[in-house]
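A.B. asks: Have a look at this one before I ask anything.
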Amino acid sequence: MEDCPRSGWTGVELRHLEALRAVAEEMSFRGAARRLGFGQSAISQQIALLERRVGARLVDRPRGGKTVGLTPSGALLLRHAEAILDRVALAERELVLAASGDAAALRIGVFQSVGAHLLPPSLALAQRTRPGLQVELVPAERAVELLRGVAAGELDMAFAEEPPEEPQLRAHALLDDPYVLLAPAGDDSVPAEPMPLAHLASLPLLTYDTSFHTLRVEPVLAEAGVRPDPGVHTDDAPTLHGFVAARVGYALLPRLAVNFADARVVAYAVDERLPRRRICLVWHRERELTEPMKVLLAATKRVAAELREPVAA
């Protein structure tokens, strides 16, 4: 075991904080060791040393093979540790970009429903403005998962469904994306637009599960007596198009997720009481935007301005 320096906190190292985070997330020393590539005894020693240097017990070690957990002191330190580790990762990413210039690809977090209408023309415009611009797209099933990547410096920018609440993140609002009702082509039961919520209550309604924003929509639907079909859930917009075309039901999904070239289905405007998603582009507040990031942001803003009007077929 290493000897503690005279001032314990000055001896806290990044590897100790990494070990604490791994133990907390894996809920075991064995899992943390496997994740970080150390032996289990090394992880135990790092946690023990960290506890000595901060002067507090950080991890509960129950007997009998039960999962380990953090003490209140451990949970408190973990919040600071995550912020420290995120800033180090951010510094590493910025140094890589500074050293390589335009040769380093921007890492942009994306989710499915920005892919059809917003992302492709934005990238095309950015690359015309700055030839040679490289972009690596990092997909996620849920937009909220991408915010963690931006905070940790793993992503340069990411799309989000709402302005983030995390204080370390900054966002530019691009457009408000309304929900629409997807119906089979030729369906003559649809009343005049916008679709009243009361009419939705009479339909076999399918919903788009990917959006965490759905949590804001569901209470409005419930208040109007609308109950989506509990038996059919999907986070894949093309699959919803197929269900609607096959007349399994009607789909409620964001307008940006609609394929307007699909002649099998038709999208109808819905009652404005349904809250719209506010699509944003997010980056770390402490980062100075590089020229490639500025070019991509400007291109995305321009395309989003055009999409504020209904997307044409």
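The values are calculated or read from the model by the stated rules, or taken from the named source; none is laboratory data. Worth saying up front: this structure is predicted, and the values here are computed from it rather than measured. Reconstructed Cβ throughout: ideal geometry from the backbone, glycine too, with neighbour counts over all protein chains shown. We work out accessible area using only protein heavy atoms, side chains counted, and drop any ligands, DNA or RNA first. Shrake-Rupley method; radii C 1.70, N 1.55, O 1.52, S 1.80 Å.
A.B. asks: Indicate the gyration tensor shape class of the range 15-72 (rounded, prolate or oblate), computed on the Cα atoms with a ≥ b ≥ c the square roots of the eigenvalues: a/c under 1.5 is rounded; otherwise a/b larger than b/c is prolate and the rest oblate.
C.D. replies: Details: a/c = 1.62, a/b = 1.09, b/c = 1.49.
Here the range 15-72 falls in the oblate category.
A.B. asks: As a test, work out the antiparallel percent of DSSP beta bridges whose residues both lie in the chain, rounded to the nearest 5.
C.D. replies: Around 65 percent antiparallel, to the nearest 5.
A.B. asks: Whole angstrom only: what separates the Cα centroid of the range 163-193 from the Cα centroid of the range 246-286?
C.D. replies: When both Cα centres are located, 4 Å separates them.
A.B. asks: Measuring with a 1.4 Å probe in the full set of protein chains, what accessible area per residue, in whole Å², belongs to the chain?
C.D. replies: 50
A.B. asks: Still on this structure, I have one more. Counting Lys +1, Arg +1, Asp -1, Glu -1, what net charge surrounds Glu94 among other residues with beta carbon under 13 Å of its beta carbon?
C.D. replies: In short, -2.
A.B. asks: Can you give me the relative contact order of the range 108-242 as a percent, contacts being Cα pairs under 8 Å and 6 or more apart?
C.D. replies: About 23 percent, as a whole number.
A.B. asks: Something else: So for the pair Leu137, Ala263, with labels modelled 7 Å out along Cα→Cβ, what separation do we get in nm?
C.D. replies: Result for the modelled spin labels: 2.6 nm.
A.B. asks: I've got another one for you. Note down the net charge around Asp176, summing +1 for each Lys or Arg and -1 for each Asp or Glu among other residues with Cβ under 9 Å from its Cβ.
C.D. replies: Net charge around Asp176: +3.
A.B. asks: Same structure again: With viscosity set to 0.890 mPa s at 25 °C, what whole-number translational diffusion coefficient in µm²/s follows for the range 144-291 from Stokes-Einstein and a Kirkwood radius over Cα pairs?
C.D. replies: 148
A.B. asks: Moving on. Specify the inter-centroid distance of the range 13-68 and the range 114-145, based on alpha-carbon positions, in whole Å.
C.D. replies: With the range 13-68 and the range 114-145 each reduced to a Cα centre, they are spaced 39 Å.
A.B. asks: Take the alpha carbon gyration tensor of the range 101-162, find the square roots of its eigenvalues, order them as a ≥ b ≥ c, and report rounded if a/c is under 1.5; if not, report prolate when a/b exceeds b/c, else oblate.
C.D. replies: Oblate, because a/c is 1.5 or more while a/b does not exceed b/c.
A.B. asks: Exactly which trypsin sites (Lys or Arg not before Pro) in the range 131-180 are in a DSSP loop and have at most 15 other Cβ atoms within 10 Å?
C.D. replies: Those that pass, being in a loop and sparsely packed, are Arg142.
A.B. asks: What figure, in Å² to the nearest 10, do you get for the accessible area of Ser44 with a 1.4 Å probe and non-protein molecules left out?
C.D. replies: Approximately 40 Å² of Ser44 is accessible to the 1.4 Å probe.
A.B. asks: With all protein chains present, calculate the accessible area of Thr239 using a 1.4 Å probe and round the result to the nearest 10 Å².
C.D. replies: 50
A.B. asks: While we're on this one: Could you put Trp283, Trp9 in order of accessible surface area, largest first, with the 1.4 Å probe and the full protein assembly present? Provide the component values of the computation, followed by the final result.
C.D. replies: Working: Trp283 15, Trp9 150 Å².
Order by accessible area, largest first: Trp9, Trp283.
A.B. asks: Also: Where in the range 272-290 does the amide nitrogen come within less than 18 Å of the point 7 Å from the Cα of Arg308, taken along Cα to Cβ?
C.D. replies: Only 276-281 pass the distance filter.
A.B. asks: Using helices alone, I'd like the mean residue ellipticity at 222 nm for the chain: each DSSP H run of four-plus residues gives -39500 (n - 2.57), total over residue count, nearest 500.
C.D. replies: -12500 deg cm²/dmol
A.B. asks: Gaussian network model of the chain, Cα springs within a sub-10 Å range: biggest mean-square fluctuation belongs to which of Phe29, Phe243, Phe111?
C.D. replies: Result for the chain, Cα springs under 10 Å: Phe29 fluctuates most.
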